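The values are calculated or read from the model by the stated rules, or taken from the named source; none is laboratory data. A quick note: this is a predicted structure, and the numbers were derived from the prediction, not measured. Heads up, the Cβs are rebuilt from the backbone with ideal geometry, glycines too, and the neighbour counts pull from every protein chain shown. These area figures cover heavy atoms from the full protein model, side chains too; ligands, DNA and RNA do not enter into them. Shrake-Rupley method; radii C 1.70, N 1.55, O 1.52, S 1.80 Å.
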Amino acid sequence: MPLTFTLDPSVDRALRDGILDLWTEVTDAGGAVGFVAPAEREAVRAELVKHFVAMAEGRVRLLVGHDEDGRVAATAFLTFNTHRLMTHWLWLYTVMVHPRHQGKGYGRDLLTAAADAARGFDGIEAVRLTCRGGLGLERFYASCGYKEVGRVPGAIRVAPGDDRDDVVMLLPLI
Ligand SMILES: CC(C)(COP(=O)(O)OP(=O)(O)OC[C@H]1O[C@@H](n2cnc3c(N)ncnc32)[C@H](O)[C@@H]1OP(=O)(O)O)[C@@H](O)C(=O)NCCC(=O)NCCS
């Protein structure tokens, strides 16, 4: 069963707890979503609250995927630029699919839905994101149409002595 994607879902307790569970479980499974395992739930909660504040202020839009049991299974956050000369593209952050659902094509479905959402926003011509090197994620994003346009060597320190490249990927929409 494909996931059901919703742009701008209403934020209630089920959504909040569902994203929190997703984010911590993805991190604990080795996902590259801003933390390293083991995830500290309170630190993830604090980051999620920042996302909700940005959503309330209209700077961020949330795309969420639910599975057939109604559980939160995937997210992507679309973030507008505040710089006046960069309002024609947006950032995609916190792209994740629950470990139990990975490898079924849902990640690609999520990015298709994200690109469709971005196309629907006035004046948006491209989607940009960064990903952690060393995990093969460039291949995932390439399979969704993104091209690598930059790479900052060793910019992400996941552990002492383990620095990863910060890879910049871009999807033109026009
Ligand atoms: C990355 C992620 C979103 C991909 O979602 P998914 O549902 O597992 O991916 P899909 O099943 O849609 O795979 C689509 C394609 O990408 C490839 N792919 C997926 N994850 C990959 C990875 N980590 N490395 C290399 N290729 C990958 C698949 O093999 C598939 O290619 P194919 O069509 O040639 O078979 C998911 O694995 C995830 O949430 N990972 C943990 C969080 C994370 O690291 N997110 C990235 C933030 S930058």
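Note on residue 17 and residue 43: the extension gain reaches 8.0 nm, defined as 0.36 nm multiplied by sequence separation minus the Cα-Cα distance. Residues of the range 1-25 with an amide N closer than 20 Å to a point placed 7 Å from the Cα of residue 52 along the Cα-to-Cβ direction: 6-25. Compared with the direct C-alpha span, the chain from residue 69 to residue 116 gains 14.5 nm at full extension, assuming 0.36 nm per residue. Each of 140, 154, 39 was scored by the projection of its Cα onto the charge dipole of the chain, and the greatest displacement toward the positive side belongs to 154; charges sit on the C-beta of Lys, Arg, Asp and Glu.
Within the shell of other residues whose beta carbon sits under 14 angstrom from the beta carbon of residue 99, the net charge comes to -1, with Lys and Arg scored +1 and Asp and Glu -1. The calculated FRET efficiency for residue 125 paired with residue 155, based on their beta-carbon distance and R0 = 41 Å, is about 0.95.
The spread of Cα positions in the chain, taken along each principal axis and listed from longest to shortest, comes to 43, 38, 31 Å. In the full protein context, the range 1-160 carries 53 Å² of accessible surface per residue, based on a 1.4 Å probe and ignoring ligands, DNA and RNA. Counting only Cβ charges, +1 for Lys and Arg and -1 for Asp and Glu, the dipole size of the chain around its Cα centre is about 320 debye.
Each peptide among 21-30, 85-94 gets the average number of other Cβ atoms lying within 10 Å of its residues, and from highest to lowest they stand as 21-30, 85-94. Only helical runs count toward this figure. For the chain, summing -39,500 (n - 2.57) over DSSP H runs of n ≥ 4 and dividing by all residues gives -9500 deg cm²/dmol at 222 nm.
For the range 50-130, the direction-averaged projected area of the alpha-carbon convex hull comes to 6.0 nm². Taking the accessible area of the chain, probe 1.4 Å, and keeping the other protein chains in place, the carbon and sulfur fraction comes to 52%.
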